[in-house]
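Data first, discussion second: the structure below is written as structure tokens.
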Amino acid sequence: MYPCGSYVWGMRGRVGPRDTRVLEKGDIVKDRPRTSWLISIIAGATLALGVQTLGPSGAVAANGSTLDLALCAPDRNTFTLAIDNPYFPLLSGQWVLTGKEQGESLGLRITVLDSTETLYRGKNRVTTRVVEETEWLDANANGAIDPDEDLIESSLNYFAQTQSGTVCYFGEAVDIYENGVVVSHEGSWRADTRGNAPGIFMPAAPEVGMTFQQEIAPGIAEDTATILAIGTVTVPAGTFENAIKVRDFNPLDGSKGVKWYAPNVGLVVDGPLELMSH
Ligand SMILES: [Ca+2]
């Protein structure tokens, strides 16, 4: 998804220019070398194995902490569909974000579906909530997908929350559209595919400086997020205090994006898109 498979989760396709545009001076990893994602993976894997030495992760953690991927490991946690993390609640509902990019009006609609998706087998089996995310050219800028408006991308995303309150991301099924036709499934991944793992989508207790890998599908989806700040943000849907500002980084193409999540609401800013209703 999210984060920028579209705007939300994953940074595929059209995202490059928009991410460049939302880049801010002072981004703490603005000039981070492209190899650092690999260091993050190594660090995460090392920590997951219980090794105490920081090793190569020291540089990554210089501005904060890199969360241990074990926080979402299926064999170390119990999972619930009651996803009530205040910064990314997915109990029910729909969020609509709109905005403009290069003169085009875009819309992003996120919907918690009734359906679930099961991953893994045996004792590690995890049932996840399916969250649909649709990005489209909202030509009349009304926040609705009207019959004559073109879809850009639609995805089904899999989330579950652990006993500690961490929201974990288990993958997505992606449809990318051109002229009303699905032309690609690029960016699709599942945590239970060999070589992949669940990502940490939202920490149980977010703090400025935290870095966490949201997608773990080498070569396909590798978004990493860093919490840059906490503060007040105003969007069409309202003014929200104690919101967290998150910078996403996609090491596969070097793109970056900024998102804001507000407590008891969820995603309120995604690059140029702002929450219109929820
Ligand atoms: Ca519309």
Checklist entry - Quick one: what pairs do we get from segment 133-145, first residue over 23 Å from VAL182 (Cβ atoms), second assigned to a loop (DSSP other than H, G, I, E, B) and near the ligand (Cβ under 6 Å from one of its atoms), C-beta under 7 Å, 6+ apart or different chains? => result ASN140/ASP146
Item to check | Residues that are assigned to a strand (DSSP E or B) and among the small types (Gly, Ala, Ser), drawn from segment 87-126 | outcome: GLY99, SER105, GLY107, SER115
Checklist outcome for this item: For segment 87-112, pairs from a residue that is more than 17 Å from GLY266 (Cα to Cα) to a residue that is acidic (Asp, Glu) and more than 13 Å from the ligand (Cβ to nearest atom), with Cβ under 6 Å and 6 or more apart or across chains, are GLY99/GLU274
Checklist entry - Do the conditions hold for ASP84, that is, is it outside any strand (DSSP E or B), among the acidic types (Asp, Glu), within 13 Å of the ligand (Cβ to nearest atom) and surrounded by fewer than 22 Cβ atoms within 10 Å (Cβ to Cβ)? => result no
Checklist entry - Does GLY165 satisfy the criteria of being modelled with pLDDT of 95 or more, over 24 Å from GLN214 (Cα atoms) and either within 16 Å of the ligand (Cβ to nearest atom) or in a loop (DSSP other than H, G, I, E, B) (or both)? => result no
Checklist outcome for this item: Taking segment 172-229 and keeping only residues that are free of Cβ contacts under 8 Å to residues at least 40 places away in the same chain and closer than 14 Å to CYS72 by Cα, one is left with ASN196
Next on the checklist: Can you go through GLY195, GLY219, GLY187 and tell me which one is over 19 Å from VAL112 (Cα atoms), more than 16 Å from the ligand (Cβ to nearest atom), in contact with a strand residue (DSSP E or B) (Cβ under 6 Å, 6 or more places away or on another chain) and in a loop (DSSP other than H, G, I, E, B)?
Outcome noted: GLY187
Checklist entry - Among the residues of segment 174-189, is there at least one that is acidic (Asp, Glu) and farther than 27 Å from LEU151 by Cβ? => result no
Checklist entry - Would you pick out the residues in segment 110-131 that are surrounded by 12 or more Cβ atoms within 10 Å (Cβ to Cβ) and in contact with a Leu (Cβ under 9 Å, 6 or more places away or on another chain)? => result ILE110, VAL112, LEU113, THR116, GLU117, ARG125, VAL126, THR127, THR128, ARG129, VAL130, VAL131
Item to check | Failed item, numbered, when GLY180 is tested on (1) within 16 Å of the ligand (Cβ to nearest atom); (2) touching a Pro at 6+ places or on another chain (Cβ under 8 Å) | outcome: (2)
Checklist entry - LEU151 is checked against (1) out of contact with any helix residue (DSSP H, G or I) (no Cβ under 6 Å at 6 or more places or on another chain); (2) at pLDDT 95 or above; (3) more than 16 Å from the ligand (Cβ to nearest atom) and fails just one. What number does that condition carry? => result (3)
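One line per residue, one yes/no per condition, for (1) on the phi > 0 side of the Ramachandran plot; (2) over 17 Å from the mean Cα position of the chain (by Cα); (3) within 16 Å of the ligand (Cβ to nearest atom):
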{"position": "PRO89", "(1), (2), (3)": "no, no, no"}
{"position": "GLN94", "(1), (2), (3)": "no, no, yes"}
{"position": "GLN102", "(1), (2), (3)": "yes, yes, no"}
{"position": "SER105", "(1), (2), (3)": "no, yes, yes"}
{"position": "VAL112", "(1), (2), (3)": "no, no, no"}
{"position": "TYR120", "(1), (2), (3)": "yes, yes, no"}
{"position": "THR127", "(1), (2), (3)": "no, yes, no"}
{"position": "GLY143", "(1), (2), (3)": "yes, yes, yes"}
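The values are calculated or read from the model by the stated rules, or taken from the named source; none is laboratory data. A quick note: this is a predicted structure, and the numbers were derived from the prediction, not measured. Don't worry about glycine lacking a Cβ; one is built from the backbone with ideal geometry, like all the others, and counts go over all protein chains shown.
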